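These notes are about the structure you will find just below.
The numbers here are math on the coordinates, done by the rules we state, and not lab data. Note that the structure is predicted; figures quoted are calculated from it, not measured. Neighbour counts run over all protein chains shown; Cβ positions are idealised from the backbone, glycine included.
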Amino acid sequence: MKEYIERRAEEVARYIVRSNSTVRETAKRFGISKSTVHKDVTERLLKINPSLAVEARKVLEINKSERHIRGGMATKEKYLRSH
């Protein structure tokens, strides 16, 4: 694997762990796609830094379990703004 990809995967994971960021927020911050963020954290990072991969994965799992709440809040805000 190329060195810049390994560096990016570690940077992305550290950012997720440090800021409890979602995949979407992380992708926007680093200027990469959501699928790249996901692949970096779930596949590439396991080979580079397994302990960091586990930490980042925990944050992503929490975010995934809470996403329906964030979606509901966004819909509520949209409804309140339009009426």
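May I ask for the distance between the Cα centers of segment 49-83 and segment 1-35, given as a whole number of Å?
Spelled out, the Cα-based centre of one part sits 16 Å from the other.
Mind scanning Lys34/Lys58; Lys2/Lys39; Lys2/Lys28; Lys39/Lys64; Lys39/Lys76; Lys39/Lys78 and naming the pairs with a C-alpha gap bigger than 20 Å?
Table pairs above 20 Å Cα-Cα are Lys2/Lys28; Lys39/Lys76; Lys39/Lys78.
Distance in nm between label sites at Ala74 and Lys58, each 7 Å beyond Cα in the beta-carbon direction?
Taking the simple label geometry, Ala74 and Lys58 are separated by 2.7 nm.
Using only the Cα atoms of the chain, what do you get for the radius of gyration and for Dmax, in Å?
14.7, 52
Mind telling me which of Ile48, Ile69, Ile16 comes out most flexible in a GNM of the chain, alpha-carbon contacts under 10 Å?
Comparing Ile48, Ile69, Ile16 in the GNM, the peak value goes to Ile69.
Got the relative contact order for the chain handy, in percent, Cα pairs under 8 Å and 6 or more residues apart?
About 32 percent, as a whole number.
In a Gaussian network model over the chain where Cα atoms closer than 10 Å are linked, find which of Ala27, Ala56, Ala13 has the largest mean-square fluctuation.
Evaluated over the chain, the most mobile residue of the options is Ala27.
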